[in-house]
Amino acid sequence: MGALVRNSSELISVTEISRNTKQIVSELEEGTRGRCILARSSKAVAVILNVEEYERMQDELEALRAAQTG
């Protein structure tokens, strides 16, 4: 999980997300939080991204695929 987590504030337990969903979604929407890595029993199980981060990743992936096909 170490390479997945850039900083400890990204790691959120499933319990915490269920208790603070509105706040966490607001932070994602406002851009003050780029992504959340959900953890269950100290194991990463899912990633939630804000739209800008998702679109950036999609654009980067598309550019890499285009470069491979030449």
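Surface composition of the chain: carbon and sulfur atoms hold 51% of the protein heavy-atom accessible area at a 1.4 Å probe.
Can you compute log10 of I(q)/I(0) for the chain with the Debye formula, treating each Cα as one identical point scatterer, at q = 0.16 Å⁻¹? The calculated log intensity ratios at q = 0.16 Å⁻¹ are -0.62. On a 0 to 90 degree scale, rounded to 10, what angle separates helix 51-69 from the longest Cα axis of the chain? Tilt relative to the chain: about 30 degrees.
Taken about its Cα centre, the range 2-70 carries a charge dipole of about 420 debye when Lys and Arg each add +1 at the Cβ and Asp and Glu each add -1 at the Cβ. For the Cα atoms of the chain, what angle does the longest principal axis make with the long axis of helix 21-30, in degrees from 0 to 90, nearest 10? That helix lies at roughly 40 degrees to the long axis.
Report note on the peptides 16-22, 59-65: ranked by the mean count of other C-beta atoms within 10 Å, highest first, their order is 16-22, 59-65. Summed over the residues of the chain and divided among them, the accessible surface reaches 76 Å² per residue at a probe radius of 1.4 Å. Full extension of the chain between LEU64 and SER18 gives 13.0 nm of extra length, using 0.36 nm per residue less the Cα-Cα distance.
The values are calculated or read from the model by the stated rules, or taken from the named source; none is laboratory data. Quick caveat, the model's predicted, so the values are computed rather than measured. Cβ sites come from the backbone with ideal geometry, for glycine too, and all protein chains shown count toward neighbours. Surface accessibility is based on the protein's heavy atoms, side chains included, excluding ligands, DNA and RNA. Shrake-Rupley method; radii C 1.70, N 1.55, O 1.52, S 1.80 Å.
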